[in-house]
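In what follows, a structure is listed as C-alpha cells, so that the remarks can point back to it.
Each reported figure results from applying straightforward, stated rules to the coordinates on display, with no laboratory input. Because the structure is a prediction, the values reported are computed rather than measured. Because the Cβ atoms are built from the backbone with ideal geometry, glycine has one as well, and the counts that use them run over all protein chains shown.
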2 protein chains.
Amino acid sequence: MPKVGMEPVRRKALVDAAMRVIGDHGSLTVTMSEIAKQAGVSPALAHHYFGSKEQLLIETVRHHLQRLRDSTVTAMRAAKTPREKLSAVIHVSFHADQFAPETIAAWLAFYAEAQRSEETRRFLVIYARRLRSNLLANLKALCPREDAERIAEGAAAMIDGLYIRQSLKSAPISIEASIALTEDYINSLLAPLSGEAAVQRTET
Amino acid sequence: MPKVGMEPVRRKALVDAAMRVIGDHGSLTVTMSEIAKQAGVSPALAHHYFGSKEQLLIETVRHHLQRLRDSTVTAMRAAKTPREKLSAVIHVSFHADQFAPETIAAWLAFYAEAQRSEETRRFLVIYARRLRSNLLANLKALCPREDAERIAEGAAAMIDGLYIRQSLKSAPISIEASIALTEDYINSLLAPLSGEAAVQRTET
DNA sequence: TTTTATTGATTGATCAGTCAATCAAAAATA
DNA sequence: TATTTTTGATTGACTGATCAATCAATAAAA
C-alpha cells in the first residue's frame, strides 16, 4: 500500500475524523485510538503525523475555522448591498452545517478547551473578532460608527448565544427563527438611526 | 477531630472546592485529588461522601444554579415594576460573581459536559428555561404575548452570548457595557410596541 | 538501496475508585 | 462518674483501567 504522498490525505482524514468523534462524543476527552479508528488508520500513525494529541486538536480547530471563513467570504461576495452582506454573515453562521448538533457540540468543546490551550484560544479569538468585524464593516455603511460598534457587538453576542443555547436542545429554536431573531435585532436598532435602511423583514 | 455532623460541612467544602478548581483549570478534567486537596481532605473522603466524581460534579452544578436562582428571586422581589424586574434579571446575570473569569470558565465546562451527562444537561436546561421565563413574565406586562416571547428568546440568547464571548477575554466587554447592550436590545424592540414603556436608558 | 508509510507491541503515567485500618467523639452501661 | 461499646470521620495504600506516546520492525514504492 505505501504509496508516496499519503501525508496530506491522512492529515485531512484525521482532522475530519477528529471533528466527527468530538462532535459525537460531545467532548475533547476522546482518545487518539477512537480518532484513528474513525479515520481508518492506527493510533501510531496519528502520532506520526501530528506529534501529539493536542496538535491534532489544534489543527482540527484551524481547519474548521478556515472552512467557516471561506463560506463567509463566498457568501459576502455574492451579496451586493451592505444590508445584504449583513444578512449573508448571519446566514452563514446559522447554516445547516454549522447548526448540526455534533458541530455545535464540537465548538462548545473547543470553547472549553480554549481556557487551557493558548493556541486554541487564539483561534477562537480570531473567529470572534472576524464575526464582529464582518458585521461592523457593513453596519458602518448604514449608521454612525459608534452605533455600528454597539450593534455589531450585540449581534455577535446574539449569534453566539443562540448557538450555545441550541446545544442544550431543550426548546430547539429553528434555524429560521434564529436568523429572524438576529435580523430583527439589527433592524430594530437600525430603524431609529437611518430612516429607511431597515427593510429586510423576516418572519418567525 | 472526628466530631459528628461533618457531612454537610465537607459536602459544601468539596462542592466549593470543585467550583474553584474547575474554574482555575477551565475544564472538568480535574482530578478528585485536586478537588479534595483544595477542600483540605483526602481524595478518599470525597468518594466517601459523593460516591463518584460525576456525582460530585453534578452536585456542584446544582449548588451553584441554586445560588443563581436565589439571587434572581431576591433581586426581582426588590424591583417594583415589570420593567424594573426585567432590569433586575439582567443585572443578576452579569453580577460580578457570575462574571468572574473562573466562574465563566466553569459554566462553559459544564455546558460542554452537558453534552454527555444527562443530569448536567437537565440542570442547564432548567437554567435556560428559567432565564427565558423570568424575562417572558415581565415582558408580557409590557407588550403582546407573541412579541414578548420573541424578545425573551432574543434577550436570553444575548445574555448567554455576552457571557460566552467574555470567556475568550479577547475584547473584554465590561459588565456595564454588557448590561447596556442587553437593556438597549429590550428597549429598542419594545419601543415601537408600546409608546412609552422604554425608559431605562443606559450608557455604554 | 534508500526512503516513506504503516503498524503491533510496549511503556510509563495518571486516575477513579476500593478497602481495611485508625482515631476520636457519643452513647450506653456499670 | 468512670468505663466500655458503638459509630461516624478519615486516611494511606493499593488496584485496575485507560491512554498518550514511543519504537523497532515490516512492507512497498522510488
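Please report the net charge: other residues with Cβ closer than 13 Å to the Cβ of B:PHE94, K and R +1, D and E -1.
Net of charged neighbours comes to -3.
Against the longest alpha carbon principal axis of chain B, how many degrees, from 0 to 90 and to the nearest 10, is the axis of helix B:7-25 turned?
In chain B, helix B:7-25 runs at an angle near 70 degrees to the longest axis.
Taking Cα atoms, how many degrees apart are the long axis of helix A:175-190 and the longest axis of chain A, rounded to 10 and kept between 0 and 90?
Around 40 degrees separate the two axes.
Evaluate the relative contact order of chain A (contact order divided by residue number), counting alpha-carbon pairs under 8 angstrom at least 6 apart; express in whole percent.
19
Distances in nm, one decimal, shortest first, from A:GLU102 to the same residue in every other copy, taking the label point 7 angstrom along Cα→Cβ.
3.7
Taking amide hydrogens as modeled 1.01 Å from N in the peptide plane, which residues meet the under 5 Å criterion relative to B:SER170, leaving out close sequence neighbours?
none
Other chains' Cβ within 10 Å of A:101-114 residues: what's the mean?
Partner Cβ neighbours, averaged per residue: 4.
What are the ³J(HN,Hα) couplings of region B:68-84, residue after residue, when phi is run through the Karplus curve with 6.51, -1.76, 1.60 and θ = phi - 60°? Round to Hz, x for glycine and proline.
4, 4, 4, 4, 5, 4, 4, 4, 5, 4, 5, 7, 9, 7, x, 5, 5
Rounded to whole Hz and in sequence order, give me ³J(HN,Hα) for region A:148-155 from the Karplus expression 6.51 cos²θ - 1.76 cosθ + 1.60, θ = phi - 60°, writing x for Gly and Pro.
Going residue by residue, I get 4, 4, 4, 5, 4, 4, x, 5 Hz, with x marking Gly and Pro.
Counting other Cβ atoms within 10 Å, which trypsin sites (Lys or Arg not before Pro) in region A:79-146 have at most 11 and lie in a DSSP loop?
A:LYS80
Whats the longest run of chain B with zero GluC sites (Glu not before Pro) that are DSSP loop and have at most 10 other Cβ atoms within 10 Å?
For GluC sites (Glu not before Pro) (loop position, at most 10 other Cβ atoms within 10 Å), the longest site-free span of chain B is B:1-195.
Specify, for chain B, the residue whose C-beta is closest to the rotation axis mapping it onto chain A, with the distance given in whole Å.
B:GLY161, 1
In debye, nearest 20, what is the charge dipole magnitude of region B:92-204 about its Cα centre with +1 on Lys and Arg Cβ and -1 on Asp and Glu Cβ, if you could check?
Using Cβ point charges on Lys, Arg, Asp and Glu, region B:92-204 gives about 300 debye.
Report the gain in length on full extension from B:ALA137 to B:LYS12: 0.36 nm times residue separation, minus Cα-Cα distance, nm rounded to one decimal.
Full extension of this stretch gives 41.7 nm more.
So the label point sits 7 Å from Cα along the Cα-to-Cβ vector; using that for A:LYS80, what distances do you get to the other copies, in nanometres, sorted shortest first?
5.4
Give me the distance between the Cα centres of region B:50-101 and region A:106-155, rounded to whole Å.
26
For B:ALA78 and A:GLN66, what does the FRET efficiency come to when R0 = 35 Å and r is the distance between their Cβ atoms, rounded to the nearest 0.05?
0.10
At B:ILE126 and A:ILE126, where each label point lies 7 Å from the Cα along Cα→Cβ, what is the point-to-point distance in nanometres?
About 4.1 nm, to one decimal.
Give me a single rounded figure for A:168-181: the average over its residues of other chain Cβ atoms within 10 Å of their Cβ.
Rounded to a whole number, the mean comes out at 3.
How far, in nm to one decimal, is B:GLU176 from itself in the other copies if the label point is set 7 angstrom along Cα toward Cβ? Shortest first, please.
Ordered by increasing distance: 4.3 nm.
For B:THR31 and B:SER174 in one chain, what is 0.36 nm times their gap in residues minus the Cα-Cα distance, to one decimal in nm?
Extra length from B:THR31 to B:SER174 when fully extended: 48.2 nm.
Divide by every residue of the protein assembly as shown the summed helix terms, -39500 (n - 2.57) for each DSSP H run of at least 4, and state the resulting mean residue ellipticity at 222 nm, rounded to the nearest 500 deg cm²/dmol.
-24000 deg cm²/dmol
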